[in-house]
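First the structure, in the form of structure tokens, and then the observations on it.
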Amino acid sequence: MKRLATLAATGLVASLALSACSSSKSSAGGSSTGGNSGDSAKPVTISLLAPSYGSSDKDDTKLYWQQIINDFQAKNPNIKVDLQMATWDNLATKLTTAIQNNDAPDLFEGGGYADVAAQGLLYKASDIVSADTLKNLIPHVAELGQTKGADGQQAQYGIPFTTSTRAFFYNTDLFKQAGITDAPKTWADVAADAAKIKALGKTGFGLPLGSEEAQAETYLWTLGNGGGYKDASGKWAINSPQNVETFQWLTANLVKPGLTESDPATKKRTDLWKDFASGNIGMINGSPALIPILKQGTIGDNWKSVAIPGKTGPLSSPLGVADFIEAFNTKKDHKAAVSKFLDFALQKQYQEQFDNEYMLLPATQDAATELSTQTPSLKPFIDALPSAAWYPSSDPQWDPTSQKIKDIVGKAVSSDPKGVLDQIQAVATGS
Amino acid sequence: MTTHAERGRSTRPRPRPRRRGSRPVLSGLAPLAWIGPAIALIAFAVLWPVVKMAQSSTRHWSRYGVDLGSNGTDNYSKLFGEQDLSGVLMRTGIWVVVVVSVTMVVSLGVAQLFNQRFPGRTVARWALIAPWAASVMMTAIIFKYMLYQGYGFINILLDDVGLVDRGSPTADWLGHSTSGFIWEMAVAVFVSIPFTSYTVIAGLQTVPAEVYEAAKMDGASKVRTYFSVTLPMLRPSLLVAAVINVMNVFNSFPIIWEMTRGGPGYDTSTTTVFMWVLKKGGHIGESAALSVVNFLLVIVIVFAFLKVSKWNSEAD
């Protein structure tokens with residue numbers, strides 16, 4: 001019995017030690033207070049968490065931010081900006097963990113804001129950026145940043161940073177080899193063309209339904225069948241018959257016949273984009289951000305982008321994606337510095353620099369006007385922004401829903417789509 | 001045949017216990033000076049976290065970790081209402097049983113081999129430590145790379161010997177839940193073998209040469225010697241190795257997380273991975289409830305395991 005007890009005790013301690021390892025850090029609090037006492041203008045360190053839009057070391061967004069930060073620090077020697085980068089894949093997790101540990105960054109650039117705004121963790125846009133900057137935001141994109149705050153009032157919390165629209169890309173070289181003359185306009189075209197490309201020994205269509213950006217791919221396909229995330233009345237309709245049908249079609253016509261990469265449920269967008277850039281995939285949905293990747297790839301100029309095919313014809317409104325900046329109010333003494341930095345970072349020159357580097361679209365009006373004339377290839381995308389379909393990102397349920405979609409929607413092309421979509425709908429409606 | 005306990009026992013007579021009453025209260029507390037730190041450590045590092053864990057599983061947490069008050073057993077009913085939980089529990093069972101038993105069997109062989117004298121044994125023993133010394137996460141990532149469809153090393157190898165077409169859907173090992181999970185179990189076995197083998201080697205070295213001599217004299221065959229002499233004498237070290245492996249494997253997170261993120265869907269998640277998935281999705285309370293369940297499960301499994309092995313040892 002003695003040995004039993006000793007072993008059991010060892011076991012107890014060991015299992016605790018192990019579970020202690022797996023549990024997250026306790027609320028250690030702000031590591032970046034940095035305020036030394038005494039000085040006339042107190043030095044302060046603010047933090048910024050942002051994703052990388054690039055695909056290699058050379059075009060890492062870190063370099064973009066670092067330049068802004070250097071320029072800014074040169075003018076404001078008392079303010080330091082601590083830059084943290086994340087991949088899109090773990091950006092949301094990183095932010096959630098930081099907030100759970102009571103160590104939110106002062107500024108966050110990326111996805112949703114509604115959920116955090118509802119918790120009362122964000123500054124209103126009007127409280128943190130100057131009136132001039134606020135006026136300069138493209139009005140209908142700025143409107144997307146509105147949501148209900150903790151006080152129950154509708155206000156703008158998300159400050160748009162960059163926008164983009166999605167398009168359908170195809171490899172013209174492979175199309176020629178396969179004897180396809182026209183770009184696909186309907187789902188049936190996509191399936192037929194994919195089959196011809198598969199005959200060449202390549203992947204017909206790249207379908208990234210893995211955890212990175214499945215919510216975009218899902219939206220693009222469901223929009224093509226008159227579905228989407230919400231119905232006309234603004235209610236969540238993720239398990240609508242149109243959406244179920246969309247996944248049934250995908251399963252039967254693309255995935256089962258092997259016209260996509262294998263196991264779409266586990267594939268990332270960035271990996272497939274790179275595969276497309278090296279000429280291994282015939283067709284894929286992408287944003288203008290794919291263009292710089294294509295320039296680096298072996299595909300060269302052998303690609304075209306057209307409107308995204310729907311079930312019966314191309315989508316009339318492109319999917320628009322806006323990435324927002326959120327300003328967290330957890331460190332009150334950082335407010336002035338954060339505000340100064342935001343006004344600085346949203347200047348025209350930096351917006352343009354970003355858009356020229358990644359072929360994305362601006363969020364401010366002066367940059368939009370100037371880019372329309374300077375970079376004609378972006379003009380049609382900028383002009384299309386007002387008619388775009390957007391994520392329901394002003395709904396506080398969008399963040400958890402988007403996470404659930406990333407987690408499980410891939411299974412909708414390998415098992416019963418209705419069951420999978422029901423599960424996501426349950427998260428969206430909070431039941 | 002002497003056991004460890006008997007051998008370790010001192011032959012000197014024990015000092016007689018002091019008579020009570022001669023130096024009353026204070027002397028009674030004297031041992032506290034020695035065991036006090038240990039008690040404090042256990043209270044702080046063992047009991048307090050357990051209490052905290054149990055407490056947090058009964059609170060209502062916002063998505064971002066704000067405590068919104070008591071929640072009763074709500075977190076638990078939500079957890080047990082999770083559609084994926086039964087699959088996750090079953091997978092955890094398979095994970096522990098398969099990984100631990102394969103590890104034990106393989107390690108017995110490895111230990112036997114490494115206990116032989118052969119040239120280069122020291123180097124070989126050092127090499128055996130490698131998978132143990134390397135970060136488990138790194139090992140998992142390297143295996144993930146080796147299993148890449150098309151150009152992963154393992155796939156190239158399998159292609160070369162003509163087993164699998166490396167571009168085929170089969171070669172996308174980590175894309176399917178079944179093959180992905182099997183590979184993850186293989187990696188878990190791979191990283192568990194060094195520790196287990198060393199424990200068994202240590203056990204083998206405590207077996208005195210005389211018993212083997214005696215067995216030889218009695219004309220026992222090699223197989224008979226192994227099963228009737230070696231294995232029974234290895235029981236203590238096997239027991240330790242098994243218990244520690246059970247807990248280690250049960251709580252293992254990095255292998256599954258790095259190789260498949262518990263997906264597709266949650267189809268390769270064990271309870272430990274699912275705990276993180278729940279937390280990531282903002283269900284902190286539910287995640288806390290699962291960690292309580294997880295904790296109780298480990299304790300039950302370990303106690304059941306020890307009970308069974310104890311019962312065995314009394315039978316013979």
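All of the numbers you see were taken from the coordinates with simple rules; none came from a lab. The structure presented is a predicted model; accordingly, all values stated were derived computationally and were not measured. Methodologically, a virtual Cβ is constructed for each residue, glycine included, from the backbone with ideal geometry; neighbour enumeration extends over all protein chains shown.
Placing unit charges on the Cβ atoms only, positive for Lys and Arg and negative for Asp and Glu, gives the stretch B:91-232 a dipole magnitude near 320 debye about its Cα centre. Reported to the nearest whole Å, the Cα centre-to-centre distance from the stretch A:352-420 to the stretch A:121-160 is 18. Mean per-residue shielding of peptide B:276-282 is 5, counting Cβ atoms of other chains within 10 Å of each Cβ. Given the pairs A:Lys256/B:Lys280; A:Lys148/A:Lys267; A:Lys94/A:Lys124; A:Lys94/A:Lys411, which are separated by over 29 angstrom at their Cα positions? Going by Cα-Cα distance, A:Lys256/B:Lys280; A:Lys148/A:Lys267 fall outside the 29 Å limit. Label positions at A:Lys148 and B:Ala186, each projected 7 Å from the Cα along the C-beta direction, are separated by 5.3 nm.
Which of A:Asp323, A:Asp343 has the fewest other C-beta atoms within 10 Å, and how do the rest follow up to the most?
On the way: A:Asp323 20, A:Asp343 15.
Placing the least packed residue first, the sequence is A:Asp343, A:Asp323.
Under 5 Å from the amide H of A:Asp82 lie the amide H atoms of A:Ile46, A:Ser47, A:Leu48, each residue being 5 or more positions distant or on a separate chain, with H modelled from the backbone and absent for Pro and chain starts.
Roughly how many Å is it from the Cα centre of the stretch B:51-80 to that of the stretch A:231-305, as a whole number? After rounding, the separation between the Cα centres reads 39 Å.
Legend: ranking of residues A:Glu245, A:Glu261, B:Glu210 from fewest to most surrounding C-beta atoms inside 10 Å; resulting order B:Glu210, A:Glu245, A:Glu261. By DSSP, the beta bridges lying fully in chain A are antiparallel in about 60 percent of cases. In a reduced charge model with +1 at each Lys and Arg Cβ and -1 at each Asp and Glu Cβ, the protein assembly as shown shows a dipole moment near 3860 debye about its Cα centre.
Annotation: amide H of A:Ala389 within the under-5 Å range of A:Leu319, A:Gly320, sequence separation 5 or more or interchain, hydrogens built in the peptide plane.
Quick one: of the DSSP bridges fully inside the protein assembly as shown, what percent are antiparallel, nearest 5? Provide the component values of the computation, followed by the final result.
Numbers: 27 of 44 bridges.
In the protein assembly as shown, approximately 60 percent of DSSP beta bridges are antiparallel ones.
Exposure proxy check: B:Met138, A:Met85, B:Met247 ranked by fewest other beta carbons within 10 Å?
On the way: B:Met138 11, A:Met85 16, B:Met247 25.
Starting with the residue having the fewest Cβ neighbours, the order is B:Met138, A:Met85, B:Met247.
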